[in-house]
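One structure below.
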Amino acid sequence: MSLAKKFDKNKLILGLAAPLLAIVAAVAVTSVIIAITGKDPFHAYQVMVDYGSKSDSQVWIINKAVPYYLSALAVAIGFRMNLFNIGVDGQYRIAAFFAAVVGGAMTMPGFIQIPVIIITAMVVGAIWAGIAGLLKVTRGVNEVISTIMLNAIGGSIIGYFLQDGRLGKKEGNMVHTPVLPDSAHFFEIPTQPKPIYGFVVIAAIAGLAYWFVLNRTRFGFDLRTVGQSESAAAASGVNVKRMVITSMVLSGATAGLVGMPTLLGISYNYGTDFPVGIGFTGIAIALLGRNNPVGMALAALLWGFLERTGTQLEFEGYAQEIVGVVQGVIVLCVVIAYEIVRRYGLKTQQRKVGEELAAQARKSDKAEVSA
Amino acid sequence: MELAGITKRFPGVVANHDIHLTVRRGTVHALCGENGAGKSTLMKILYGMQKPDEGTITLDGEQVTLHTPGDAIARGIGMVHQHFMLADNLTVLENVVLGAEKLHGIGGKARAKIKEISDSYGLGVRPDAMVEDLGVADRQRVEILKVLYRGARTLILDEPTAVLVPQEVDALFDNLRELKAEGLTVIFISHKLGEVLSVADDITVIRRGTTVGSAVPSETTPKQLAELMVGSELPSPETRESTVTDTPMLTVEDLKMSAVDPDGVVRDVLGGISFTIRKGEVLGIAGVEGNGQAELVEAIMGMRPLDSGTVTLDGTDVSQAPTRKRREDGIGYIPEDRHRHGLLLEAPLWENRILGHVTEKPNSKGALLDPKAARADTERIVREYDVRTPGIEVTAASLSGGNQQKLIVGREMSHLPKLLIAAHPTRGVDVGAQAQIWDQIREARHEGLAVLLISADLDELIGLSDTLRVMFRGRLVADADPAAITPEELGSAMTGAASGHLEHVDEQEEEGGDDA
């Protein structure tokens, strides 16, 4: 029993070692880069911490983190299955577009209107991702290729319909879908100086559901099995092909949620200025958070923090690109640090098991001799 | 060559400790010990693939340190691995010169050298044949030639007979004697006593990672050698009384499956297989690997679709049922390749206990997992099946092969299967685990389990089976009574030389009578 505890303790230490190692490495590399540009790195950190901890910054960061987190969840579902859904970007955009169209075309009380919009988005996202899953199992098309292409196709479809006289309306030099009625506005959490999106609650629920389904259900076990070893999963009775489609559909449905905080909380329509690229950010955040629901939440907040404070760095005379560099460095450091720690942990464990058993064997050898 | 006090602490289980080995030039020196005794580790040290923690290696009176296989080759040590390292899509010539182009180029000179080596040791290698067209024995000769071509004077052969049928083993031994006659030294690793005694000049026995003794073949009986290896009485796979009943448990009829081989030719991998296994019966299938055994298993498990044929389990047609349904209905599966099909190597033991039985108790309640019950049951399996592990939270990868296999056997037996498919159940498993696994199969058979046993170990097959079939090129070509057959007779059917019902012939000429 004490031994089992020791293993757990080691596991905990290793678990903390990886992010710590990553942060130290990332700060070191970033400092060097800032120093090379001829600026003082420590002043930069000072600025970031000061500005990032202001209360309006905090609200901004949380609001920014919500879609990032949902996007990371969508990507992580694929990762746990060993699928690289690079198409979350296209999925959330086409999902948000059609959800905006459906929502703009009806006037219902909020408790019907909002769920209809959300479900529409999830269904459209699921279909869009499902196409890639279907292509993979029927034709063997790699999901990386198909989802990238579906991103482009999705963008074109939106471009086609988002025109005056089709599904869009012209307003100034912008085109957008009809504005959602007031009943479709999602609730907000009143905070100072600005409110936090109510969608943060949905994001938290989604994170909890992600953890529960993957770790506590039969389905989640099957999914993780396929991710760890497709051959073992097939032998254990998982229908691998069906699991590929199911997980793509789930990933797409989650991706469908990504655009919702914006649609139901800020823009209330899908226009040419609807945010793009959150799907790709989600990949970085999923990597950073190691597909762990809490880790990804922290990563999403960190991302928001960097973006928020990056703008302030510009005012202080730092290069604008520095934030992008920092983000890239962090992701690289995290991926490398986790891999190093994982390998180290595996090796230590194997050695421990070996030593333990060798000790047992020696003992029993002695027992035989003395017997 | 002399090894003294070699100790290797190794992530895994068997640590080599304090090994002493002296090999005389121009002899065949056999290194024997059970699976997992540490033979392969020792050879890897000798070949420079691993560095010993303690101890010295002396070659011709000179103490050496081998950092890489390159060092070993430079000192005239060559290794023929258990798993061949040849490129299928190249010719023999190309395979031999690959990586050794500097020696004799890649053209006429190399060809001449290959011919010369081949002729002087009687290897009979054709330089221009494609490796993919060669049989196992020929490939092995190419591997030997590869090593000789690089100038080796000492050859290490790691379990060279594991993949050969008895007739091919004899041919290999003739080659080894030729090598010896030319003054080369051969280190021959094996755990098969008969072979060791027939070919070796000296024998060193390893047990639990250390050298426990040496023997001279002419003065040693197999039994004495066995006891040295095992440390006690050798376990035997023989089953005592028959427990075969009349109730069919698994019936397969006319299974057909075809596959497209790399050349684009459609080939029958299963050509109309039919058999019945009754309750309490062990049906053994002998055959050289790659003759359709893996496909047969996957067909019964529902992992690969059949072209035609039916699979009936306990009176129910399961031909169309998915794998999970078949497992729930009572098929237990000990896969041939436990790393690919039986385990999640990076997952903890208790998750591995769930693998394959996620829908069954105690692993889940309804759609939810029950990690608590699964953990508790894993503890039970670890205890009852003697899985040597410090706990159930360690990953499956940190266990030794034998302990991994015991966990798999424990898991499959815990769901009281009606049919157990055991593909090479004791491959790469140490002797203690081997005896336990045999015991468990026997015990379960006693309680009415039907077993489909596929093995390359002919003694295991003959010892455990109630009925024997021989598989060759996707067909069951022969059957035999395990009580009255020798491994040699089985071997000739495995190469396709005999078919029908094999009768034991006491005379010198061994031939399967075609009295079907």
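Quick note: the coordinates plus some simple rules give every number you see, no bench work behind them. Owing to the predicted nature of the structure, the values given are computational and were not obtained by experimental measurement. With ideal geometry, Cβ positions are generated from the backbone for all residues, glycine too; neighbour counts draw on all protein chains shown.
For chain B, which longest stretch is free of loop sites, where a loop site is one of the trypsin sites (Lys or Arg not before Pro) that DSSP puts outside H, G, I, E and B and that has at most 13 other Cβ atoms within 10 Å?
My reading of the result: B:241-516 is the longest stretch.
For the protein assembly as shown, give the share of DSSP beta bridges that are antiparallel, in percent and rounded to the nearest 5; count only bridges with both residues there.
Expressed as a percentage, antiparallel bridges in the protein assembly as shown total about 55.
Quick one: which residues, 5+ away or cross-chain, put their amide H under 5 Å from the amide H of B:Gly332? H built at 1.01 Å from N.
B:Lys418, B:Leu419, B:Leu420, B:Ile421
Please label the shape of the stretch A:155-270 as rounded, prolate or oblate, based on the square roots a ≥ b ≥ c of the eigenvalues of the alpha-carbon gyration tensor (a/c under 1.5 means rounded; beyond that, a/b larger than b/c means prolate, else oblate).
Judged from the Cα gyration tensor, the stretch A:155-270 comes out oblate (a/c at least 1.5, b/c at or above a/b).
Could you name the aspartates and glutamates in cross-link range of A:Lys136, using Cα to Cα under 15 Å and dropping any fewer than eight places away on the same chain?
The reachable aspartates and glutamates, counting only those whose Cα sits under 15 Å from A:Lys136, are A:Glu230.
Would you mind checking the tilt of helix B:431-446 against the longest principal axis of the Cα atoms of chain B, expressed as 0 to 90 degrees and rounded to 10?
The helix B:431-446 is inclined about 30 degrees to chain B.
Taking amide hydrogens as modeled 1.01 Å from N in the peptide plane, which residues meet the under 5 Å criterion relative to A:Gly271, leaving out close sequence neighbours?
Those qualifying (amide H under 5 Å, at least 5 residues apart or on another chain) are A:Thr177.
Once phi is turned into ³J(HN,Hα) by the Karplus curve 6.51 cos²θ - 1.76 cosθ + 1.60 with θ = phi - 60°, what whole-Hz value does each residue of the stretch A:221-237 show in order, with x for glycine and proline?
Values per residue, Gly and Pro as x: 4, 4, 4, 5, 4, 4, x, 7, 7, 5, 5, 5, 5, 4, 5, 7, x Hz.
Can you pull out the GluC sites (Glu not before Pro) in the stretch B:382-483 whose DSSP state is coil and whose Cβ has at most 13 other Cβ atoms within 10 Å?
Taking the stretch B:382-483 and a limit of 13 other Cβ atoms within 10 Å, the loop GluC sites (Glu not before Pro) found are B:Glu447.
Excluding residues on the same chain fewer than 8 positions from B:Lys115, give the aspartates and glutamates whose Cα lies under 16 Å from its Cα.
B:Glu94, B:Asp128, B:Asp138, B:Glu143, B:Glu178
Sort out the exposed loop trypsin sites (Lys or Arg not before Pro) in chain A (DSSP loop, at most 15 other Cβ within 10 Å) and tell me the longest stretch that has none.
For trypsin sites (Lys or Arg not before Pro) (loop position, at most 15 other Cβ atoms within 10 Å), the longest site-free span of chain A is A:167-371.
Give the angle, between 0 and 90 degrees and rounded to the nearest 10, that separates the Cα long axis of helix B:166-181 from the longest principal axis of the Cα atoms of chain B.
20
Count the DSSP beta bridges whose two residues both fall in chain B, then state the antiparallel fraction as a percent rounded to the nearest 5.
50
Taking amide H positions as placed in the peptide plane 1.01 Å from N, state which residues far from B:Ala286 in sequence (5 or more) or on other chains have amide H under 5 Å from it.
Here B:Arg469, B:Val470, B:Met471 satisfy the definition.
Near A:Lys54, which aspartates and glutamates are there with a Cα under 16 Å away, not counting those fewer than 8 places off in the same chain?
A:Glu307
Using the basic label-point model (7 angstrom from Cα toward the beta carbon), what is the A:Asn82 to A:Arg139 distance in nanometres?
2.4
Report ³J(HN,Hα) in whole Hz for each residue of the stretch A:43-57, in order, from the Karplus equation J = 6.51 cos²θ - 1.76 cosθ + 1.60 where θ = phi - 60°; Gly and Pro get x.
5, 4, 5, 4, 4, 4, 5, 4, 6, x, 8, 5, 5, 5, 5
Is chain A best put as rounded, prolate or oblate by its Cα gyration tensor, with a ≥ b ≥ c the root eigenvalues, rounded for a/c under 1.5, and otherwise prolate when a/b is larger than b/c, oblate when not?
Oblate is the answer for chain A, as a/c is 1.5 or above yet b/c matches or exceeds a/b.
Quick one: what are the phi-derived ³J(HN,Hα) couplings along the stretch B:107-120, Karplus 6.51/-1.76/1.60 with θ = phi - 60°, whole Hz, x for glycine and proline?
Karplus-based 3J(HN,Hα) across the stretch B:107-120 equals x, x, 5, 5, 4, 4, 5, 4, 4, 4, 5, 4, 6, 6 Hz.
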